[in-house]
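Written below as structure tokens is the structure these notes are about.
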Amino acid sequence: MKPFDELTRLGRIRRMRQLVSVALKSYGVEEARFRLLRQAGNTLFRVRACGLPGLEAPEGLFEQGQYLLRIHEPGYQELEAIDLELTWLAAMRQEANLPVPEPVAALDGRWLVSIDLPGIPETRQCSLLRWVKGRSVKNCYRPHHLQAQGRLMARLHQFAIQWQPPAGLSKRKFDWEGLFQNDVGSGMSNADAWALLSPLHRETFASVAERLRDVMRDWGQGLDVFGLIHGDLGVDANLFFWHGEPRAIDFDDSGFGYWVFDLAVALDACRDDPAYPRFREALLSGYAEFRSLPESQAEQIELFLAGLQVYWNLWATGGTQLYPSMLPEYRERMAQTADFVVRFARQAGCPV
């Protein structure tokens with residue numbers, strides 16, 4: 001049998017399709033149709049199967065008989081992190097009826113299914129989620145979309161505050177080390193990527209990061225400022241709308257972080273838009289309908305937004321250093337986000 005790494009892209013997909021068939025049997029599915037959605041990091045398949053055991057009618061949130069099967073990339077996340085994500089999603093559905101993906105338990109009751117298949121290296125962990133109805137508004141969003149997103153984010157945060165994660169389960173942190181030091185998937189730690197930044201930007205980026213360190217140190221990590229967050233919920237990504245109501249998807253990169261960081265991520269899509277103040281006001285207005293955000297936290301949103309650009313630049317710098325073919329894809333965004341950090345630093349009186 002030809003080694004997996006030597007296969008063509010089509011050959012790898014064929015092997016993965018075999019794995020899907022094996023994995024689905026662990027959920028009681030003998031016959032299904034499925035198609036590849038993405039093979040980059042996690043491998044994702046959209047599955048159509050009828051009569052999955054133990055599932056009730058979707059009642060408008062889910063597509064009847066449709067699911068997302070994730071084949072998790074080995075080494076990207078620890079099993080405890082994936083298990084925490086799935087346990088959290090199940091709790092949000094069962095305890096608060098929040099509009100998020102619902103995990104499907106295998107026949108043995110576990111969220112994760114371990115599959116060893118000849119011709120595919122390493123044990124693969126698989127999870128199955130119900131398919132959320134909705135569409136993206138990434139190219140046509142308006143302030144009312146941000147307001148709806150704010151309402152949803154406040155509900156997610158409020159649930160995270162009162163929910164107790166099971167002992168022994170952990171996930172990444174969006175704290176200072178998590179943003180500016182750790183390896184977050186590029187293959188190079190952000191601590192090492194600092195030395196590769198352009199000298200024109202390194203000092204400015206460092207000044208923003210140090211200001212964030214001071215704020216995070218002052219705030220601490222109590223539940224009034226810090227908890228489980230989506231971490232990648234933007235109006236241009238991982239947010240669906242259905243009849244005007246928002247639905248959050250793709251919690252794969254969720255973790256423990258500052259509530260304000262989650263709000264900064266929400267505003268990233270419109271950070272350079274002349275109407276940014278309107279979008280910001282709409283987001284916070286929606287958020288305030290379900291959860292109070294102290295002004296001392298709200299006034300730091302732009303600092304966290306600038307920190308988000310530093311974090312992304314470090315990740316992209318490491319990735320493009322190790323994989324130069326990524327550079328054309330990321331070059332323009334790296335320049336745009338660096339410009340944003342410089343503008344923020346000037347306005348905030350940081351070294352430029």
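Taken together, the values in this text are just the output of simple stated rules run on the coordinates, not laboratory data. The structure presented is a predicted model; accordingly, all values stated were derived computationally and were not measured. All Cβ positions, glycine included, derive from the backbone under ideal geometry; neighbour counts span all protein chains shown.
Things to note:
- Residues in region 247-261 carry Karplus couplings, in order, of 9, 9, 10, 6, 8, 4, 9, 5, x, 9, x, 7, 4, 5, 4 Hz; the curve used is 6.51 cos²θ - 1.76 cosθ + 1.60 with θ = phi - 60°, and Gly or Pro positions show x.
- Whole-Å semi-axes of the ellipsoid equivalent to the chain (Cα gyration tensor, √5λ, descending): 34, 26, 18
- Mean separation of Cα pairs under 8 Å and 6 or more residues apart, divided by the residue count, gives region 87-211 a relative contact order of 14 percent.
- For residue 102, the amide hydrogen comes within under 5 Å of the amide hydrogens of 130, counting only partners 5 or more places away or on other chains and with H modelled in the peptide plane.
- Protection proxy ranking, peptides 227-238, 280-291, average beta carbon neighbours within 10 Å, highest first: 227-238, 280-291
- CD proxy at 222 nm, helix term only [per DSSP H run n ≥ 4: -39500 (n - 2.57); per residue of the chain; nearest 500]: -14000 deg cm²/dmol
- Pairs of Cα atoms farther than 20 Å apart, region 184-255, %: 58
- Relative contact order (percent, whole number), the chain, Cα cutoff 8 Å, 6+ residue spacing: 18
- Summary of the geometry: region 183-246 and region 145-163, compared by the centres of their Cα atoms, lie 19 Å apart.
- Residue of 74, 246, 294 that the Gaussian network model of the chain assigns the largest fluctuation, springs spanning Cα pairs under 10 Å: 294
- Volume per residue that the Cα convex hull of region 143-348 spans, once the total is divided by residue count, Å³: 131
- Region 300-334 and region 92-144 have Cα centres separated by 27 Å.
- log10 of Debye I(q)/I(0), alpha-carbon scatterers only, for region 257-347 at 0.10, 0.14, 0.21 Å⁻¹: -0.30, -0.56, -1.03
- For the chain, built as a Gaussian network whose Cα springs stay under 10 Å, the top-fluctuating residue of 252, 268, 214: 214
- For region 4-132, diffusion coefficient by Stokes-Einstein and Kirkwood Rh (Cα), 10 °C, 1.306 mPa s, µm²/s: 105
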